[in-house]
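Okay, structure first, notes after.
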Amino acid sequence: TTWHVLGAGSLGSLWATRLARAGLPVTLILRDPERLAAYTASGGLTLVEQGREHRLAIPAQTFDTAEPISRLLVACKAYDAEAAVARLAPRLVENAELVLLQNGLGSQDAVAALAPKARCIFASSTEGAFRDGDWRVVFAGHGFTWLGDIAHPQPPYWLDDLTLAGIPHEWNTQILTRLWRKLALNCAINPLTVLHGCRNGGLQDHHCEVATLCGELTELLECCGQPAAAHDLHSEVERVIQATAANYSSMYQDVAQGRRTEISYLLGYACAAAARHHLNLPHLNQLRDRLVAHLAARGLPTT
Ligand code: NAP
């Protein structure tokens, strides 16, 4: 079965190049004929790993191709996923499988609703990649990817493809817990790094603020039926701040580079979930309001 990869950005390219390098069939789905022409002219996707470059001439197509899709890796940003999958829905075969790489929560349910007959597999990844040019991806940080399906606990047979491609992964029957935990860590760290204009380690000067947020996030997770994701949240947040002290958070980097953030699928999702449960979390709401104002002042989208 061909891996159709939607979005040849950082993570999409990182998956596509490793799958193709292992000899597995991969096809990229690009935005429009202009992007397709630019890609074709470039001769393929280049993976930069430990200073070595590997160019792979992976076939590509646009949305308008008629070819049916059995397995789709959705590798665009959370805010693009729903619209992009909607355009592909007519091409999905009856039992298609969708692998959703989006960070945060909210986009997965929106995509699943568009393709009710498809199997949706949620993923959470700690791998790091960035583009240092068009059609080039730098494998910046080794990590791990957890995959799971909230409707069916049995793993898909194609996890073997990932092993073959050298993509470290594990099937996880509690994928929602993992996604919630990651969302909570993100809410406790990333917005504050944007507002204080600091690296993750800079939050060591804002212990009280971090602790208060962790308290509210713990309440939220428990209220949303995710007590396991709430367990020892504050100590893990402190550990992550220390261990990644020299790093700039992904949201910090998005804002610094004038890129749209995934706020609606992270802090925005958390605040909406609290409101749904009639839970009053004043500091979390205030954090969102401050972040929205900060983005607006820089002319960036606030959703
Ligand atoms: P990215 O580099 O911005 O890549 C997104 C890609 O999607 C872009 O190439 C974009 O195309 C493409 N795209 C958007 N809409 C499209 C459409 N309608 N049709 C075709 N292509 C479309 O983003 P990313 O960093 O890979 O992030 C993807 C997701 O993974 C995010 O949710 C992110 O939070 C998560 N994640 C990323 C990393 C990482 O290290 N990068 C790590 C963990 C999780 P153009 O090139 O034409 O703009």
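Helix 10-21 versus the longest principal axis of the chain: what is the Cα-based angle in degrees, 0 to 90, to the nearest 10?
40 degrees
Compare the Cα positions of P153, G9, P33 along the charge dipole of the chain (+1 at Cβ of Lys, Arg; -1 at Cβ of Asp, Glu; about the Cα centre) and return the one farthest towards the positive end.
Selected residue: P33.
With contacts defined as alpha carbon pairs under 8 Å and 6 or more residues apart, what's the relative contact order of region 171-264 in percent?
Dividing the mean separation by the residue count of region 171-264 yields 38 percent.
Which length gain, in nm to one decimal place, applies between E34 and E236 when the Cα-Cα distance is subtracted from 0.36 nm times their residue separation? Spell out each step's value before the answer.
On the way: separation 202, 0.36 × 202 = 72.72 nm, distance 4.49 nm.
This chain segment gains 68.2 nm when fully extended.
Going by average Cβ density within 10 Å per residue, which order do the peptides 138-145, 96-103 take, highest to lowest?
Peptide ranking by packing, descending: 96-103, 138-145.
Highest mean first, what order results for 70-76, 239-245 on Cβ atoms within 10 Å?
70-76, 239-245
Take the Cβ-Cβ distance between E67 and A256 as r, set R0 to 35 Å, and report the resulting FRET efficiency rounded to the nearest 0.05.
Efficiency at R0 = 35 Å is approximately 0.35.
For the chain, with every protein chain kept in place, what is the accessible area per residue (1.4 Å probe, Å²)?
Working: 13420 Å² over 303 residues.
It amounts to 44 Å² per residue over the chain.
Could you size up the charge dipole of the chain around its Cα centre, putting +1 on the beta carbon of Lys and Arg and -1 on that of Asp and Glu, and report it in debye to the nearest 20?
480 debye
Quick one: if you stick a label point 7 Å off each Cα along the C-beta vector at D289 and R52, how many nm between them?
Using points 7 Å along Cα→Cβ, the separation is 5.5 nm.
Using only the alpha-carbon atoms, how far is helix 33-42 inclined from the longest principal axis of the chain? Give it as 0 to 90 degrees, nearest 10.
70 degrees
Got a sec? Which residues in region 46-75 would a label at R21 touch, if it sits 7 Å along Cα→Cβ and we count backbone N under 12 Å?
So the set is 46-56.
Using Cα atoms only, what is the angle between the long axis of helix 233-243 and the major principal axis of the chain, expressed in degrees (0 to 90) to the nearest 10?
Here the helix axis deviates by roughly 70 degrees.
Roughly what would the spin-label model give for N280 and H207, points 7 Å off Cα along C-beta, in nm?
Going from the N280 label point to the H207 one covers 2.9 nm.
Considering only DSSP beta bridges where both residues belong to region 1-107, give the percentage that are antiparallel (nearest 5).
Around 25 percent antiparallel, to the nearest 5.
Expressed as a whole number of Å, what is the distance separating the alpha-carbon centroids of region 188-254 and region 277-299?
Taking the Cα centre of region 188-254 as reference, the centre of region 277-299 is 15 Å away.
Tell me the trypsin sites (Lys or Arg not before Pro) within region 248-303 that lie in a loop according to DSSP and have at most 14 other beta-carbon atoms within 10 Å.
Listed in order of number, the matching sites are R259, R298.
The values are calculated or read from the model by the stated rules, or taken from the named source; none is laboratory data. These numbers were taken from a predicted model, which means no experiment stands behind them. When we count neighbours, we look across all protein chains shown, and the Cβ atoms used for this are built from the backbone with ideal geometry, even at glycine. Areas reflect the complete protein model, heavy atoms only, side chains present, ligands, DNA and RNA absent. Shrake-Rupley method; radii C 1.70, N 1.55, O 1.52, S 1.80 Å.
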